[in-house]
Structure formats: C-alpha cells, structure tokens
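Novice: Input: one structure, supplied below.
The values are calculated or read from the model by the stated rules, or taken from the named source; none is laboratory data. Everything numeric here is computed off the predicted structure, so don't read it as measured data. Cβ: placed from backbone, ideal geometry, glycine included. Neighbour counts: every protein chain shown. For accessibility, only protein heavy atoms count, side chains too; no ligands or nucleic acids. Shrake-Rupley method; radii C 1.70, N 1.55, O 1.52, S 1.80 Å.
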Protein chains: 2
Amino acid sequence: MTLLLSNSDVEQLATMPECMSTLERSYVDLAAGRALSRTRSDCLSPAPGDHLHYGLMTQDGVIPSLGIAAVRINSDIVSMMTVGDHVRRTKVPSAPDARYVGLLLLFSTENGEPLAILPDGVLQRLRVGATSGLGIKYLARADARSIGLIGSGGQARAQLVAACAVRDITSIRCFSPNRERREAFCREMSDTLCIDVQPVESPELAMRGVDIALCATSSEGVVFRKEWLSPGLHVGSIRKPEIEMDALRQADRVVIHTRDIKPITELSIDLARDPLVANRRVIQSTDLDIRTFPVLADVIAGTAEGRRSATEITCFMNNLGTGFQFAATGALVYRKARELGVGRDLPTDWFTEDICP
Amino acid sequence: MTLLLSNSDVEQLATMPECMSTLERSYVDLAAGRALSRTRSDCLSPAPGDHLHYGLMTQDGVIPSLGIAAVRINSDIVSMMTVGDHVRRTKVPSAPDARYVGLLLLFSTENGEPLAILPDGVLQRLRVGATSGLGIKYLARADARSIGLIGSGGQARAQLVAACAVRDITSIRCFSPNRERREAFCREMSDTLCIDVQPVESPELAMRGVDIALCATSSEGVVFRKEWLSPGLHVGSIRKPEIEMDALRQADRVVIHTRDIKPITELSIDLARDPLVANRRVIQSTDLDIRTFPVLADVIAGTAEGRRSATEITCFMNNLGTGFQFAATGALVYRKARELGVGRDLPTDWFTEDICP
C-alpha cells in the first residue's frame with residue numbers, strides 16, 4: 001500500500017530533534033557521495049492576473065542508506081510585489097478551497113515502489129529549521145544564550161525551535177514589520193519554548209548584542225547589516241539575499257548549505273520581460289561568489305572546519321533547499337508513520353503499472 | 001477533484017493522430033519560448049543485486065496555452081547487461097506484483113491545482129511515436145511507401161502506428177534478434193495496420209532499399225549502419241546511439257528532437273565505479289556534437305528547413321525525451337477524460353494544503 005499523509009500527520013510524527021539527527025547522519029552520506037541531490041528547478045510562466053506567475057518547482061534526492069528517494073513538487077501561483085524597497089515573493093493559495101500545492105513523493109530505492117505521498121508544508125519548515133539548527137550546532141559558540149530574530153512566519157518558528165534544540169537559549173528578541181503579527185508570534189513562541197520572546201521595534205534592536213542572529217524572511221533584499229556584527233556572533237540566514245555581502249566578507253567563517261547556487265531556471269518569453277522577475281535574477285547574479293565557501297555537509301563530515309575560537313564571527317547561509325533534505329526527513333516521517341500506523345493506505349497499483357515505460 | 005487514470009484509460013482516450021496534432025501545435029509554442037521544458041534528470045545509485053541500480057528520473061514541462069504543467073517521474077530498478085557487443089539497459093519490474101513505477105502528474109497553470117495522476121506507460125510510447133511521426137511528416141518524402149524497422153517492443157509498435165498516420169505506407173519489414181518475438185510482433189502489427197509486416201532475418205534485410213528506416217531498440221550501441229543509406233531515405237531513431245555517427249555525417253539533413261543532449265546526471269560514488277555505467281557515459285560523451293543540428297520544434301515552426309528534394313537523405317534523431325511532450329499529450333488525455341467522464345476522482349485536498357510551503 002502507498003501511504004497518504006497529511007500535514008497534521010507529519011506534525012505529530014516528526015520532531016525537530018529527530019529531523020536534525022536524521023539529517024546529520026545523512027549529510028555524512030552526502031559528503032561521501034553516497035547520497036544524491038538534484039538541483040532544484042523552477043519553470044516560470046505567466047498566470048492570469050497582474051504581477052502573478054505560475055511556478056513549477058521540483059527537486060529530487062536519493063539516500064540509499066535510508067532506502068528512500070524523494071521528489072518534491074511545488075505548483076504555485078506566485079505574486080512578485082515591491083514592498084518598500086524590497087521585492088517580496090509570495091505564494092498565493094489559488095487551488096480549490098484557497099489552498100497551496102506542495103507535494104512530496106517518496107519511493108523505495110530497493111524496489112522502486114511508491115511508498116508515500118504527503119504535503120510538504122510541515123516538512124518544509126522542519127527541514128529548513130533542522131538544517132539551520134545543524135549550522136548553529138557546528139558553528140555557534142557552545143555558550144550562546146541569546147537570539148535575535150527577524151521574521152515572524154512559519155520559517156521563523158522553525159528557526160527558533162531548532163536553535164533551542166542545540167543551545168541553552170535564555171533570551172530571544174524578535175522584529176518583523178507588522179506589529180500585530182510580531183506580537184502574536186512572540187506570545188506564541190514564549191508559550192512554546194518557555195523562554196521570554198520579546199517583540200522589538202526595529203531590526204537593529206533585535207540583532208545588536210546577541211549571540212545568534214537569525215534571519216527568516218521572505219525578502220529578496222538585505223535584512224542583516226554588517227554594522228550588527230560583533231565578536232563571537234553566529235549569523236544564520238534562510239535566503240541568500242538576507243545577509244549583506246559586506247557582512248559575509250567580514251565574517252571569519254562562512255558556511256553555505258549547498259553549492260547549488262541557484263535553481264535551474266526556465267523562463268517563458270513573456271515572463272523574461274517582467275521587470276520584477278528580471279530584478280530577482282539580477283539580485284542573484286551580481287553578488288559574491290559563495291561557491292568558495294565550504295558546505296555544511298563537509299563540516300558535519302569533518303572535512304571542513306567549524307568554529308575555531310570564541311571570538312570568531314561565523315555565518316551559516318542556508319542558501320538553497322535540496323531534494324536531499326526531503327529524502328532524509330521524509331524517510332523519518334515514513335518510518336514513524338508505519339511504526340505507529342498513521343495515515344491512509346492507498347492501493348499501490350494506482351501508482352504502478354504493468355507496461356514497461 | 002483530482003483525476004486518477006490508468007493505462008487502459010489512456011489507451012482508450014488518446015489516439016496517435018490526436019497526440020501528433022496536440023504536439024505539433026505545442027512545438028510552435030516551444031519554439032517561440034512560450035512553453036517550457038526542464039531537462040530530464042537521472043539520479044543513479046546502487047540497488048540490491050548484481051548489475052542492478054536504482055534510477056530516479058524526473059522531467060518537467062509547462063504549456064500555458066494548454067493550461068498544463070507536467071512532472072513525469074520514473075522510479076526504476078535498472079539492469080545493465082552486456083548482450084553480444086551491446087550494453088543493454090532494461091527496467092526490472094520490481095515494485096509489488098512485479099510492476100514498474102512511472103507516473104505523470106498534471107497541474108493547472110491557472111490555479112496550480114493537481115489535475116491528474118496517471119501511469120506513464122501508454123503515454124510514453126505515444127509521445128515518442130508522435131514525435132517521430134512528426135519527424136516523418138516534416139522530413140520523409142511525401143511519396144514514401146516502405147518502412148524498414150529494427151525493434152519489436154512497445155516503442156517499435158508506436159513508431160509504425162505514427163509513420164502510417166502521416167504516410168501512405170504499403171510495405172513494412174521488421175528485424176529484431178529474437179525470432180519468436182519478431183514474428184509475433186509482425187503478426188500483431190499486420191492485423192493492427194492492415195499492412196503486410198514481414199519479419200526478416202537480419203537488420204540489413206530490413207533496412208536496405210526502404211523509403212523510411214526506423215530504429216526502435218533499447219540498445220546502447222549502433223543499430224543502423226552507413227552502408228544502408230540511399231538517396232531519398234529518411235532515417236528515424238529513438239535513442240542517440242542507434243545511428244552510426246558516419247551515417248549522420250553523410251546525411252544531407254539531420255534534425256534532432258532537443259538540444260538537451262544528455263540528462264542532468266547525479267551518480268552515487270559506488271555506481272560511478274561500475275564499468276557498465278561508466279561505459280554508458282563514455283558512449284554518450286565521445287560522439288559528434290549534435291547540438292549543431294536544428295531541432296524539430298524549429299522545423300515545425302518554420303524557422304528551420306525540412307526536406308528540400310526527393311533525393312536528400314534525412315534523419316530525425318529523437319535524441320532525448322522531454323517533460324514538454326508529457327505536458328502536451330497529458331493535456332490531451334486530461335481534457336478528453338473530463339469530456340468523457342473517464343477515470344476515478346480523488347479528493348483534491350489529499351494533494352493540496354492550507355500551510356504555505
């Protein structure tokens with residue numbers, strides 16, 4: 001049988017520490033060339049409506065030691081809007097009942113069979129958070145106690161949960177532009193983490209003087225500035241543009257997630273003329289060549305160095321997601337779902353065939 | 001609702017002439033940059049058993065004018081064996097009940113929703129056949145009457161059906177190494193096409209003196225030799241290695257399917273050491289640079305030339321499949337299934353989510 005899971009199934013099955021531990025072991029496979037990841041691809045074409053486009057995004061990962069291959073698919077209506085001096089990219093829930101379309105398909109590397117189909121929403125944040133958390137584990141000071149955070153969405157939540165799983169955090173300050181949303185987020189996270197999460201009025205107030213500075217925004221522009229660097233700081237980011245290039249240049253040690261610097265991109269001719277889409281591409285192509293930095297998998301495998309002293313400024317740029325992350329965390333979810341009998345069984349022969357394709 | 005279709009649904013819904021006509025119109029979009037295709041990717045890692053590996057193959061296509069985005073996924077156990085002096089690549093039906101795993105997922109480019117899930121087996125042959133058929137339509141002599149064929153599998157069948165849809169064929173000769181299989185194929189195709197399909201004892205007997213020479217094998221080696229070229233011939237191939245490089249050099253006009261010369265390939269370190277896999281890569285990397293040839297989409301759109309005289313030797317190399325072909329033929333199948341009420345409806349919310357991924 002092929003297992004159909006929901007986001008709430010995933011939520012009850014996968015904890016952040018388990019995701020981090022599965023990913024940590026699997027990154028060693030990746031560093032050794034035993035696990036595979038195919039660079040994300042984005043096919044972008046126009047959609048009905050102003051400043052909207054359709055995006056088909058796919059990424060694949062294979063981890064033979066876990067017996068799992070994963071394909072993650074997003075089929076999105078995307079809005080590109082200018083907010084202040086930033087370009088903001090937002091997915092619009094346009095599928096029936098105002099829903100999003102993000103799927104993870106899991107297959108067995110032993111016999112090829114389709115093992116599971118699940119939405120990617122919960123796992124998406126878990127895998128980003130878990131990877132950033134591993135960045136903190138290997139790069140932040142062991143005695144880091146305070147966090148500054150910019151962002152108040154689902155990714156911001158996962159960043160805090162992951163950070164608190166690997167460091168003994170006692171204080172958190174958070175900024176995001178919308179006061180109401182920011183305060184609600186701080187109340188919720190204070191309850192979740194049993195740590196005082198304090199809303200502040202500016203990014204600088206959040207970031208100055210902390211041990212760990214985390215960016216978790218959907219911005220296509222800079223959110224962390226070099227003026228906020230101080231000895232011993234660890235800076236984490238979930239999108240390449242978030243950290244000012246000069247801050248990266250001044251950091252003592254920068255580690256990136258993957259040498260997949262940008263997605264494989266196919267743009268339809270109509271969309272190639274859209275100034276916001278063009279703008280997005282310019283932002284991505286004019287900056288520092290980050291491929292010279294080591295990747296997290298090598299730090300975990302011990303072939304690249306982590307933090308060397310208490311005063312070093314370290315930076316982890318969770319620069320692009322990989323199908324590999326979905327294979328690792330998906331394998332965990334699938335195994336636990338089978339152990340605990342969670343999910344709905346669908347006939348496997350719906351998704352297999354007797355014709356050789 | 002999301003539509004679940006079977007191979008027999010697809011078989012009853014899509015005819016070769018309809019597939020050719022949908023593809024023909026869509027290739028004009030592709031040539032103009034309005035439709036998109038993301039190069040196929042193969043992630044290959046070891047599988048339990050000698051000479052077996054696991055392959056995760058994905059490809060994407062988007063055709064906004066048809067409102068369809070497609071992701072095709074194959075999750076295969078593959079055997080690489082040496083047969084005579086050829087390396088033969090065979091998919092092993094290893095999923096439960098000895099089945100193959102090939103899926104096509106269709107999404108709406110208008111609202112992102114998952115429209116349909118179907119096996120790829122029938123469509124796989126239809127799209128290859130339809131594309132080769134368009135190659136014949138634009139490149140073979142208008143008065144071509146005879147076909148020579150090497151191969152007797154599902155792809156060989158589709159090649160004949162497509163050829164007979166665009167030319168008034170009166171005689172067909174067929175060779176494949178296994179006599180029993182070849183004779184059964186010829187009996188079946190004689191019935192299907194109402195044309196005498198004659199089994200012959202050698203590739204040369206099949207190919208010499210015909211108007212259209214078609215290769216439809218699973219060989220990783222040469223099957224069509226330059227000695228068999230004659231004025232006015234059209235040669236068709238469904239795999240790059242099938243046609244001897246010197247035959248391509250001697251042809252007056254060669255058209256390829258796509259400038260995607262090879263798949264994006266990720267090989268696990270264990271597999272990179274396998275001599276058969278390495279061999280396959282060598283075969284693909286040492287030959288003629290076929291990217292200098294025009295692509296079929298440009299010939300159909302009228303920006304590259306087709307056949308110019310009755311004596312030219314033309315060649316169409318259906319060199320690599322594309323997600324675009326699955327988007328076009330998938331759109332046709334989906335539209336007809338909805339019109340005729342074919343298939344099983346699954347709740348769309350199984351495959352959508354209320355969390356922004």
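Novice: Using unit Cβ charges (K, R positive; D, E negative) and no other charged atoms, how large, in debye to the nearest 20, is the dipole of the protein assembly as shown about its Cα centre?
Specialist: Values: 80 positive and 88 negative charges, 198 e Å.
Computed charge dipole of the protein assembly as shown: roughly 940 debye.
Novice: Taking a label point 7 Å from the Cα of residue B:269 along the Cα→Cβ vector, which residues of region A:7-35 have an amide N closer than 18 Å to it?
Specialist: A:24-35
Novice: Chains B and A: what accessible area do they bury, summed, in square angstrom to the nearest 100, with a 1.4 Å probe?
Specialist: Numbers: alone 15990 and 15960 Å², together 25840 Å².
Answer for the B-A pair: about 6100 Å² buried.
Novice: What are the distances, in nm and sorted shortest first, from the label point of residue A:270 to the label points of the same position in each other copy, with each label point placed 7 Å from Cα along the Cα-to-Cβ direction?
Specialist: For residue A:270, the other copies' label points sit at 4.8 nm, shortest first.
Novice: Further, regarding this structure: Quick one: which residues, 5+ away or cross-chain, put their amide H under 5 Å from the amide H of residue A:88? H built at 1.01 Å from N.
Specialist: A:81, A:82, A:83
Novice: Taking the Cβ-Cβ separation of residue B:183 and residue A:1 as r and a Förster radius of 60 Å, what is the calculated FRET efficiency to the nearest 0.05?
Specialist: Numbers: r = 41 Å, r/R0 = 0.68.
After rounding to 0.05, the efficiency reads 0.90.
Novice: Can you give the calculated 222 nm mean residue ellipticity of chain A, where each DSSP H run of n ≥ 4 adds -39,500 (n - 2.57) and the sum is split over every residue, rounded to the nearest 500 deg cm²/dmol?
Specialist: On the way: 11 runs with 120 residues, N = 357.
It comes out at -10000 deg cm²/dmol, rounded to the nearest 500.
Novice: Here's a follow-up. What's the average, rounded to a whole number, of partner chain beta-carbon atoms within 10 Å of each residue's beta-carbon in B:339-350? Present the calculation step by step, with values, prior to reporting the outcome.
Specialist: Values: counts 0, 0, 0, 0, 0, 1, 0, 3, 2, 5, 6, 9.
That average works out to 2.
Novice: So, one more: If R0 is 30 Å, what FRET efficiency do you get for residue B:202 and residue B:90 from their C-beta distance, rounded to 0.05? Present the calculation step by step, with values, prior to reporting the outcome.
Specialist: On the way: r = 23 Å, r/R0 = 0.77.
Efficiency for this residue pair is about 0.85.
Novice: Same structure again: Would you mind telling me which residue in B:327, B:98, B:130 has the biggest mean-square fluctuation in a Gaussian network model of chain B, where springs connect alpha carbons within a distance under 10 angstrom?
Specialist: Answer for the Gaussian network model of chain B: B:98.
Novice: Who wins for biggest fluctuation among B:234, B:257, B:51 in a Gaussian network model of chain B, springs between alpha carbons below 10 Å?
Specialist: B:51
Novice: Quick check: from the Cα gyration tensor, does region A:197-260 come out rounded (a/c under 1.5), prolate or oblate? Write down the numbers at each step before the final one.
Specialist: Working: a/c = 1.75, a/b = 1.27, b/c = 1.38.
In terms of gyration-tensor shape, oblate.
Novice: Related question: Which one of A:144, A:108, A:213 is farthest out on the positive end of the charge dipole of region A:87-241, using unit charges on Cβ (Lys, Arg +1; Asp, Glu -1) and the Cα centre as origin?
Specialist: Checking the options against the dipole of region A:87-241, the answer is A:213.
Novice: Which distances, in nm and shortest first, link the residue B:81 label point to the same label point in every other copy, taking 7 Å along Cα→Cβ?
Specialist: Result, one decimal in nm: 6.0.
Novice: Ok, one more. Provide a whole-number value for the mean count of partner chain Cβ atoms within 10 Å of the Cβ atoms in peptide B:88-100. All intermediate terms of the calculation are to be shown ahead of the outcome.
Specialist: Values: counts 0, 0, 1, 3, 3, 7, 5, 11, 11, 5, 3, 11, 7.
Partner-chain Cβ atoms within 10 Å, mean over residues of B:88-100: 5.
Novice: Can you check what the Kirkwood hydrodynamic radius comes to for region A:304-354, Cα pairs only, in Å to one decimal? Kindly include the intermediate steps, with their values, before the conclusion.
Specialist: Numbers: mean 1/r = 0.0647 Å⁻¹.
Computed over region A:304-354, the radius equals 15.5 Å.
Novice: Also, quick follow-up: Could you give each residue of region B:110-120 its phi-based ³J(HN,Hα) in whole Hz, using Karplus coefficients 6.51, -1.76, 1.60 with θ = phi - 60°, and x for Gly or Pro?
Specialist: 8, 9, x, 5, x, 8, 7, 10, 8, x, 9
Novice: Please list, in chain and number order, the residues 5+ apart from residue A:120 or on another chain whose amide H is under 5 Å from its amide H, with Hs placed from the backbone.
Specialist: A:102, A:103, A:104
Novice: So if I place +1 on the C-beta of Lys and Arg and -1 on the C-beta of Asp and Glu, and nothing else carries charge, what would the dipole magnitude of chain B be about its Cα centre? I want it in debye, nearest 20. Can you show the working numbers first?
Specialist: Numbers: 40 positive and 44 negative charges, 148 e Å.
Around 720 debye, computed over chain B.
Novice: Evaluate the Debye formula for region B:220-357 with equal point scatterers sitting on the alpha carbons, no solvent, and hand back log10 of I(q)/I(0) at q = 0.18, 0.20, 0.21 Å⁻¹, in q order, two decimals.
Specialist: At q = 0.18, 0.20, 0.21 Å⁻¹ the computed log10 ratios are -1.05, -1.17, -1.24.
Novice: What's the lysine pair count for the protein assembly as shown at a Cα cut-off below 17 Å, pairs eight or more apart or interchain?
Specialist: On the way: A:226/A:240; A:240/A:262; B:226/B:240; B:240/B:262.
Counting lysine pairs in the protein assembly as shown gives 4.
Novice: 5 Å is the cut-off here: which amide hydrogens, built 1.01 Å from N in the peptide plane, fall below it relative to residue B:313, excluding neighbours closer than 5 in sequence?
Specialist: Amide H neighbours of residue B:313: B:232, B:252, B:253.
Novice: How far, in nm, would the chain grow between residue B:340 and residue B:311 when pulled straight, counting 0.36 nm per residue and subtracting the alpha carbon separation? Walk me through the numbers before you get to the answer.
Specialist: Details: separation 29, 0.36 × 29 = 10.44 nm, distance 4.57 nm.
Length difference between fully extended and current span is 5.9 nm.
Novice: Given the rotation relating A and B, tell me which residue in A puts its Cβ closest to the axis and the distance in Å.
Specialist: Taking Cβ atoms only, the nearest residue and its distance are A:58, 3.
Novice: Distances from residue B:168 to the same position in the other copies: list them in nm, one decimal, shortest first, using label points 7 Å from Cα along Cα→Cβ.
Specialist: Spacings between copies for this position, smallest first, are 9.1 nm.
Novice: Projecting each Cα onto the charge dipole of region B:155-280 (Lys/Arg +1, Asp/Glu -1 at the beta carbon, about the Cα centre), which of B:160, B:248, B:228 comes out farthest on the positive side?
Specialist: B:248
Novice: Averaged over B:316-328, how many beta carbons belonging to a partner chain fall within 10 Å of each residue's beta carbon? Numbers along the way, then the final one.
Specialist: Numbers: counts 0, 0, 0, 0, 0, 0, 0, 5, 2, 0, 0, 2, 0.
If you average over the peptide's residues, the count of other-chain Cβ atoms is 1.
Novice: Ignoring ligands, DNA and RNA, what accessible area per residue does the protein assembly as shown give at 1.4 Å, in Å²?
Specialist: Values: 25840 Å² over 714 residues.
Using a 1.4 Å probe on heavy atoms only, each residue of the protein assembly as shown averages 36 Å².
Novice: Also, quick follow-up: How big, on average over all directions, is the shadow cast by the Cα convex hull of the protein assembly as shown, in nm²?
Specialist: Values: hull surface 119.8 nm².
Seen from a random direction, the Cα hull of the protein assembly as shown projects 29.9 nm² on average.
Novice: Could you tell me which trypsin sites (Lys or Arg not before Pro) in region B:206-257 are loop residues by DSSP with no more than 14 other beta carbons within 10 angstrom of their beta carbon? Working shown, then result.
Specialist: Numbers: sites: B:208, B:225, B:226, B:239, B:249, B:253; in loops: B:208, B:225, B:239.
Here the sparse-neighbourhood loop sites are B:225.
Novice: Next question, about the same structure. For a quick check of understanding: with a 1.4 angstrom probe and all protein chains in place, what accessible area in square angstrom does residue B:79 have, to the nearest ten?
Specialist: Per-residue accessible area (residue B:79): approximately 20 Å².
Novice: Mind listing the phi-derived Karplus ³J(HN,Hα) values for region B:167-174, rounded to whole Hz, using 6.51, -1.76 and 1.60 with θ = phi - 60°, and x for any glycine or proline?
Specialist: Karplus-based 3J(HN,Hα) across region B:167-174 equals 9, 8, 7, 10, 8, 9, 10, 9 Hz.
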